[in-house]
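In what follows, a structure is listed as structure tokens, so that the remarks can point back to it.
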Ligand SMILES: *Cc1c(COP(=O)(O)O)cnc(C)c1O
């Protein structure tokens with residue numbers, strides 16, 4: 001099928017929650033191809049999902065082998081793969097236990113339920129989240145999300161969510177009440193426009209939570225699985241949350257989410273408290289184990305730090321030449337080019353030139369290439385960004 005045929009079929013039969021233009025049919029590493037055979041550098045990676053690149057052979061093999069052996073059994077039975085994945089995640093998190101689910105929103109729902117259950121005997125149910133945050137699209141997680149645009153039209157929203165200012169510790173302190181059960185925060189706001197937390201903010205939150213017996217929850221859905229050059233975004237700050245959520249990069253495109261709960265709260269959920277049919281299938285867990293092993297074997301945390309620094313440097317060189325580009329910011333391979341106007345024209349022009357990126361939070365061009373990205377690919381993408389900026393400046 002060509003792009004027109006695919007788009008006509010989609011418009012007829014899909015609920016129009018998205019408005020795509022490109023039809024992608026094949027991927028390998030950092031490259032994807034559209035239905036007409038045009039090649040693109042994928043600097044979006046399925047929105048921070050394809051951390052080891054498109055169709056990494058380790059992940060493909062793991063899925064193929066597990067699919068031929070056992071795909072799903074229900075959590076009414078043990079499966080040998082799920083605890084092995086949990087052991088690996090616990091190891092890199094420095095302890096704790098896991099619950100597996102299917103998406104980022106579902107993982108965050110799990111965190112919210114865990115915090116409420118723990119607080120229930122003391123009447124503590126409020127969750128403080130940050131303005132400009134993003135936590136998902138279910139009713140609870142869109143209420144947690146500190147952006148009115150995702151909430152509009154869906155009232156009445158669930159109770160018990162309070163929003164404070166990101167990177168403003170006093171604002172969070174003011175939001176704490178007798179009813180506060182938890183604080184939920186991203187180490188780097190992703191959808192919010194690639195805004196890293198200040199070190200004093202996260203360490204301050206950790207201290208506040210310890211003093212008041214409040215749970216510190218980190219949403220690592222986008223920052224997790226090596227994206228920032230650390231396994232988890234909070235690890236750059238020397239703090240440990242009481243529990244955190246994962247999804248996006250964990251399965252490299254195979255849907256899987258997780259919550260990882262530190263020993264202190266690892267046994268809050270008991271049989272009957274929480275469940276999901278597809279959580280932790282052997283197939284999903286086999287994919288995720290292959291992802292974690294690949295990140296380790298290919299030293300991708302190191303590569304992420306190095307390539308992230310190179311990308312920032314290249315983008316800042318470009319930014320210096322135009323007064324309508326404020327600069328580049330980010331951590332690891334979570335990078336944003338901050339413009340003084342909408343980033344959409346630049347995103348569209350780059351797509352024409354063969355680089356996929358995403359205009360985020362209005363004026364930020366977000367780049368999230370696979371962690372396997374090479375210096376040559378960074379140079380190539382940066383050259384095209386430079387070309388596009390020069391054209392837009394005319
Ligand atoms: C994408 C994202 C989510 C939602 O994940 P889904 O898998 O789309 O439900 C939640 N939190 C953050 C920080 C995200 O980036």
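A few remarks follow.
- Comparing 274, 54, 230 in a Gaussian network model of the chain (Cα springs below 10 Å), the most mobile by mean-square fluctuation is 274.
- Mean ellipticity per residue at 222 nm, deg cm²/dmol - from DSSP H runs of n ≥ 4 across the chain, formula -39500 (n - 2.57): -11500 deg cm²/dmol
- In region 58-297, the C-alpha radius of gyration followed by the widest Cα-Cα span (Dmax) gives 17.3, 55 angstrom.
- Estimated distance in nm for a label pair at residue 65 and residue 298, the labels positioned 7 Å out from Cα along Cα-to-Cβ: 1.7
- Region 91-114 versus region 334-351: alpha-carbon centroid distance in Å: 32
- Of all DSSP beta bridges in the chain, antiparallel share, percent nearest 5: 65
- In degrees, nearest ten, helix 344-353 long axis to first principal axis of the chain (Cα): 60
- Additional length obtainable on full extension of the chain from residue 277 to residue 200, 0.36 nm per residue less Cα span: 23.7 nm
- With respect to the chain, whose longest principal axis is taken over its alpha-carbon atoms, helix 300-319 is tilted by about 50°.
- The angle between the Cα long axis of helix 104-119 and the main principal axis of the chain comes to about 20°, on a 0 to 90 degree scale.
- Shape category assigned to region 181-229 from the gyration tensor of Cα positions, a/c cut at 1.5: prolate
- The slack in the chain from residue 12 to residue 25, taken as 0.36 nm per residue of separation less the alpha-carbon distance, amounts to 2.7 nm.
- Summarising the label geometry, the points placed 7 Å from Cα in the beta-carbon direction at residue 340 and residue 178 lie 5.2 nm from one another.
- Rg followed by Dmax, in Å, when region 39-128 is reduced to its Cα trace: 17.6, 57
- Relative contact order (%) - criterion: Cα under 8 Å, at least six apart; region: region 58-297: 30
- Separation between Cα centres of region 12-36 and region 279-332, rounded to whole Å: 22
- Footprinting exposure proxy for 169, 89 (fewest neighbouring C-beta atoms within 10 Å first): 169, 89
- Ordering 242, 341, 323 from the fewest to the most neighbouring beta carbons within 10 Å gives 323, 341, 242.
- Mean Cβ count within 10 Å, highest first, over the residues of peptides 147-153, 260-266, 97-103, 23-29: 97-103, 260-266, 23-29, 147-153
- Least to most buried among 273, 163 (fewest other Cβ within 10 Å first): 273, 163
- Region 219-343 shape via C-alpha gyration tensor axes, a/c threshold 1.5: prolate
- Residue 77-residue 39 FRET efficiency (beta carbon distance; Förster radius 35 Å; 0.05 resolution): 0.20
- Cα-based shape type of region 114-246, given that a ≥ b ≥ c are square roots of the gyration tensor eigenvalues and the cut on a/c is 1.5: oblate
Coordinate-derived values only; no laboratory data. Because the structure is a prediction, the values reported are computed rather than measured. Cβ atoms come from the backbone with ideal geometry, glycine included; neighbour counts cover every protein chain shown.
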